[in-house]
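Encoded as structure tokens, the structure appears first; notes follow it.
The values are calculated or read from the model by the stated rules, or taken from the named source; none is laboratory data. This one's a predicted model, so the numbers in the text were calculated from it and none came from an experiment. Ideal geometry is used to build each Cβ from the backbone, glycine not excepted, and the neighbour counts take in all protein chains shown.
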């Protein structure tokens, strides 16, 4: 059985540039309209650290508009997940620009006590936005997918009541940050884990539902749509050794292609799903949760999303959330 989980990272650019209205509010509103039309819901991975800091510094006049939209999502049954780029918390806003603390770029490399403080602060701000003192996000996605080393961060998240992580994309490799999800390629569609997100552990407190990806020749990643979006991102402007290491990530025969409904064409999306459908026909009893990813800042072609939802309905594939998939994952 196949179910599709749409997730959207709700954030501006990673260097702090960009308008909340243009990069967050307006694209999320377009997406909400489409999904309500199809009577479906998606997971909103809210980057609460950046929102708290933007509000504290008065750096964007549309922060209240965004907070109201988050409350609307909550009231309408859209699932809200926790997304964190911890470099925001000790960042500074000077002369109209953000200077972020890259010593705290990877949550997992911080001391356990610092991880606890950051997660507590993020959830507290989430509750403040929603006016819900008992709210706990069901799922988590690490900033830039960095969920290694796993042990301390996973333990803290589980202690706070989070059930699911969705930071992994199988085959992922980032030389700049020590990320290596290549071992996860041998895992199934989901797995429990404890001290290493790559290693299934039936006694683990968290369940990993990775962003669905397939290994593809590197040259296939170079499409006009994807290159155009990459040029807008902060990673495109890396210099020196960091830029060289980023090129190393791509210098391999195959690269993980994520099921990204903002960056992919409709034919790419449906082609990837056809492979899953063929596998499901051979073994229809297994549960196959397929996690699709997008970013509000990348949503330039909402019509593709609508066509993809139509395709899924035609194929009899339900659209759900992590909360909807959780019980089936446990079974």
- Checking residue 38 against (1) buried (at least 17 other Cβ atoms within 10 Å of the Cβ); (2) in contact with a helix residue (DSSP H, G or I) (Cβ under 7 Å, 6 or more places away or on another chain), the condition it does not meet: (1)
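Would you check if there is a residue in the range 222-243 being part of a helix (DSSP H, G or I), at pLDDT below 95, within 21 Å of residue 298 (Cα to Cα) and touching a strand residue (DSSP E or B) at 6+ places or on another chain (Cβ under 7 Å)?
Taking the range 222-243 as the starting set, the residues that turn out to be part of a helix (DSSP H, G or I) are 224-232, 234-237, 240-243.
Then drop every residue that is not at pLDDT below 95, which leaves 224-232, 234-237, 240-243.
Going one step further and asking which of them are within 21 Å of residue 298 (Cα to Cα), we end up with 224-232, 234-237.
Adding the requirement that they be touching a strand residue (DSSP E or B) at 6+ places or on another chain (Cβ under 7 Å) leaves none.
Within the range 222-243 (the criterion being part of a helix (DSSP H, G or I), at pLDDT below 95, within 21 Å of residue 298 (Cα to Cα) and touching a strand residue (DSSP E or B) at 6+ places or on another chain (Cβ under 7 Å)), the answer is no, since none of the residues qualifies.
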- Note on the structure: Restricting the range 6-22 to residues that are over 12 Å from residue 78 (Cβ atoms) and in contact with a strand residue (DSSP E or B) (Cβ under 9 Å, 6 or more places away or on another chain), the one surrounded by the fewest Cβ atoms within 10 Å (Cβ to Cβ) turns out to be 17
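Please work out if residue 75 is at pLDDT 95 or above and buried (at least 17 other Cβ atoms within 10 Å of the Cβ). Spell out the reasoning first.
Working: at pLDDT 95 or above: yes; buried (at least 17 other Cβ atoms within 10 Å of the Cβ): no.
No; evaluated as a whole, the condition is false for this residue.
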- Note on the structure: From the option list 277, 293, single residue qualifying as under 18 Å from residue 212 (Cα atoms) and crowded, with 20+ Cβ neighbours inside 10 Å is 293
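Taking the criterion of being part of a helix (DSSP H, G or I), over 22 Å from the mean Cα position of the chain (by Cα) and either within 25 Å of residue 14 (Cβ to Cβ) or without any contact (Cβ under 8 Å) to a residue 60 or more places away in the chain (or both), would at least one residue in the range 284-300 satisfy it? Break it down stepwise before answering.
Of the residues in the range 284-300, the ones part of a helix (DSSP H, G or I) are 296-298.
Still in the running and over 22 Å from the mean Cα position of the chain (by Cα): none.
Among the residues of the range 284-300, not one is part of a helix (DSSP H, G or I), over 22 Å from the mean Cα position of the chain (by Cα) and either within 25 Å of residue 14 (Cβ to Cβ) or without any contact (Cβ under 8 Å) to a residue 60 or more places away in the chain (or both), which makes the answer no.
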- Query: Can you name the number of the only condition in (1) free of Cβ contacts under 8 Å to residues at least 60 places away in the same chain; (2) surrounded by fewer than 17 Cβ atoms within 10 Å (Cβ to Cβ) that residue 30 fails?
  - Reply: (1)
- Item | Residues of the range 168-187 satisfying the condition of being under 18 Å from residue 325 (Cβ atoms) and in contact (Cβ under 8 Å) with a residue 40 or more places away in the chain | 168, 169, 170
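Which one is surrounded by the most Cβ atoms within 10 Å (Cβ to Cβ), of the residues in the range 189-215 that are part of a loop (DSSP other than H, G, I, E, B) and touching a residue at least 60 places away in the same chain (Cβ under 8 Å)? Even if it seems obvious, please write down each step before you answer.
As a first pass, look at the range 189-215 and keep what is part of a loop (DSSP other than H, G, I, E, B): 189-190, 194-205, 209-210, 212.
Applying the additional criterion that residues be touching a residue at least 60 places away in the same chain (Cβ under 8 Å) yields 189-190, 209-210, 212.
Details: 189: 19, 190: 20, 209: 23, 210: 27, 212: 24.
So, considering only residues that are part of a loop (DSSP other than H, G, I, E, B) and touching a residue at least 60 places away in the same chain (Cβ under 8 Å), the one surrounded by the most Cβ atoms within 10 Å (Cβ to Cβ) is 210.
Kindly indicate which of 24, 44 is outside any helix (DSSP H, G or I), under 24 Å from residue 136 (Cβ atoms) and touching a helix residue (DSSP H, G or I) at 6+ places or on another chain (Cβ under 9 Å).
Values: 24 fails: outside any helix (DSSP H, G or I).
After ruling out the rest, the residue left standing is 44.
Quick one: count up the residues across the range 165-182 that are part of a loop (DSSP other than H, G, I, E, B) and farther than 22 Å from residue 330 by Cα. Talk me through it step by step, then tell me what you get.
Of the residues in the range 165-182, the ones part of a loop (DSSP other than H, G, I, E, B) are 166-168, 170-172, 175-178, 181.
Within this subset, residues satisfying the condition of being farther than 22 Å from residue 330 by Cα are 171-172, 175-178, 181.
Result for the range 165-182: 7.
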- Given (1) without any contact (Cβ under 8 Å) to a residue 40 or more places away in the chain; (2) farther than 26 Å from residue 74 by Cα, where does residue 136 come up short, assuming only one miss? (2)
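Looking only at the range 58-65, decide whether some residue is under 19 Å from the mean Cα position of the chain (by Cα) and surrounded by 14 or more Cβ atoms within 10 Å (Cβ to Cβ). Can you show your working first?
Of the range 58-65, the ones under 19 Å from the mean Cα position of the chain (by Cα) are none.
Looking for residues that are under 19 Å from the mean Cα position of the chain (by Cα) and surrounded by 14 or more Cβ atoms within 10 Å (Cβ to Cβ), one finds none in the range 58-65, hence no.
Could you please let me know if residue 156 is free of Cβ contacts under 8 Å to residues at least 60 places away in the same chain and either farther than 17 Å from residue 18 by Cα or in contact with a strand residue (DSSP E or B) (Cβ under 7 Å, 6 or more places away or on another chain) (or both)?
On the way: free of Cβ contacts under 8 Å to residues at least 60 places away in the same chain: yes; either farther than 17 Å from residue 18 by Cα or in contact with a strand residue (DSSP E or B) (Cβ under 7 Å, 6 or more places away or on another chain) (or both): yes.
Yes.
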- Give the residues of the range 102-121 that are loosely packed, with under 15 Cβ neighbours inside 10 Å, at pLDDT 95 or above and touching a helix residue (DSSP H, G or I) at 6+ places or on another chain (Cβ under 6 Å), sorted by residue number. 112
